[in-house]
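This report refers to the structure that appears directly beneath it.
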Ligand code: AMP
């Protein structure tokens, strides 16, 4: 292995790009707060059980993609491949479900051992939100509206919202049986992967992108003809609420979230122009999860959105970095070592006073320092050499007009603040 590269499927976020990330993270924080969701932060790794028992065997994540390791105490740990299970674990552990509804959001890295390609990584980043304790369709509609609103604000992409209902404990078993019968009848034409899934997680076959599965999937029974009255009503209400907010989803019976815990509403948001990895967001209702984890029966609905893909869809709209450096308003320029030392406390005082200021400690040529400062967006340069130092003054240069003026050191902060305010 070449030690000088990041691990396959991971990437560094460099100063040239981190401004876009920061801006996106702030937008997530701001919007989630506006929708009434509070941030939750869980550890990056959990007991492997947390994921195996919730996501379920027979899913790609659990079977093939988890970064699982044994720690030095002999416990099996897994780097989180998603946030819903850790969030539910934390909500149970801290008795947060005793005071419902509970609305939380999160953001951070997830880890999946996938085949890397553009838009698909082994360490990627998600943000998402979960609403616990509301069985009614308002919660589904709110979660979807939150996701759509973030995409609308952050990208110019054309977004497709696909929505489906997976039914519930009452109506899903009959549907599942019908799907299994159909898949079994056509088993010989299915891909190897799907044949294997047929016995473990048959509904997931409907989600397969393998071309050899396409024909079988196209003729599979559709869930809508199996929904019970309560599920049908819920689904209609979700769509009506979305329509009342100006959001028009496309009903897509092919959307089947692979995880066992989904019930009723499932949805996906995808963007044009992203190629094969065009899924931006996925989510749905998972009324069975908390009980499956040993907690009280608690309805819940949530979403998770990929932040890399969001930034890809955003394109240059978010490219507001200045050569990757933070914007410096005031550049301190020292002509020699004693002046540089004298500038240190003054620079510190400026920063304390809320001015973004910096000094080029290399003592390279003055005009080079000033040119670099201008490129970084500085508006004022404060120049100090032994001549100024002896008089207790500094030269202040306006980098827009190029005009220079001597200013007493004790008046420096006031003078520069006035110039910045102009
Ligand atoms: P999921 O939890 O699989 O529904 O994923 C939700 C969203 O996270 C997807 O729609 C993607 O935008 C993003 N995502 C999931 N896995 C990856 C990955 N390996 N690399 C980049 N983005 C991902």
Criterion (surrounded by fewer than 16 Cβ atoms within 10 Å (Cβ to Cβ), at pLDDT below 95 and in contact with a helix residue (DSSP H, G or I) (Cβ under 7 Å, 6 or more places away or on another chain)) met by exactly one of 363, 420
363
So if I check each of 54, 48, which one is touching a residue at least 40 places away in the same chain (Cβ under 8 Å), under 23 Å from residue 79 (Cα atoms) and surrounded by 11 or more Cβ atoms within 10 Å (Cβ to Cβ)?
54
Is region 248-271 home to any residue that is within 16 Å of the ligand (Cβ to nearest atom) and without any contact (Cβ under 8 Å) to a residue 60 or more places away in the chain?
no
Residues that are within 23 Å of residue 204 (Cα to Cα), outside any helix (DSSP H, G or I) and either away from the ligand (no atom under 12 Å from the Cβ) or touching a strand residue (DSSP E or B) at 6+ places or on another chain (Cβ under 7 Å) (or both): does region 40-52 have at least one?
no
So which of 81, 43 is in contact (Cβ under 8 Å) with a residue 24 or more places away in the chain and exposed (fewer than 14 other Cβ atoms within 10 Å of the Cβ)?
43
Output the residues belonging to region 343-360 that are without any contact (Cβ under 8 Å) to a residue 60 or more places away in the chain and out of contact with any helix residue (DSSP H, G or I) (no Cβ under 6 Å at 6 or more places or on another chain).
343, 344, 345, 347, 348, 351, 352, 354, 356, 358
So residue 212 ticks every box in (1) within 14 Å of residue 253 (Cα to Cα); (2) surrounded by fewer than 16 Cβ atoms within 10 Å (Cβ to Cβ) but one. Which box is left unticked?
(1)
Quick check on this structure: which one of 272, 354, 324 is at pLDDT below 95, outside the structural domain of residue 118 (by TED's automatic domain parsing), under 29 Å from the mean Cα position of the chain (by Cα) and exposed (fewer than 14 other Cβ atoms within 10 Å of the Cβ)?
324
If I go through region 287-312 residue by residue, how many of them are within 12 Å of the ligand (Cβ to nearest atom) and either under 20 Å from residue 62 (Cβ atoms) or touching a helix residue (DSSP H, G or I) at 6+ places or on another chain (Cβ under 7 Å) (or both)?
8
Would you mind stating whether residue 16 is outside any loop (DSSP other than H, G, I, E, B) and surrounded by fewer than 16 Cβ atoms within 10 Å (Cβ to Cβ)?
yes
Odd one out for residue 131 among (1) within 16 Å of the ligand (Cβ to nearest atom); (2) at pLDDT 95 or above; (3) in a strand (DSSP E or B); (4) within 29 Å of residue 228 (Cβ to Cβ)
(1)
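Could you please give the count of residues in region 19-30 that are over 13 Å from the mean Cα position of the chain (by Cα) and crowded, with 16+ Cβ neighbours inside 10 Å?
Result for region 19-30: 1.
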Please go through region 79-112 and give me each residue that is over 15 Å from residue 281 (Cβ atoms) and either near the ligand (Cβ under 9 Å from one of its atoms) or assigned to a strand (DSSP E or B) (or both), ordered by number.
79, 81, 102, 103, 104, 108, 109, 111, 112
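The values are calculated or read from the model by the stated rules, or taken from the named source; none is laboratory data. Predicted, not measured: the structure shown is a model, and the values here were computed from it. When we count neighbours, we look across all protein chains shown, and the Cβ atoms used for this are built from the backbone with ideal geometry, even at glycine.
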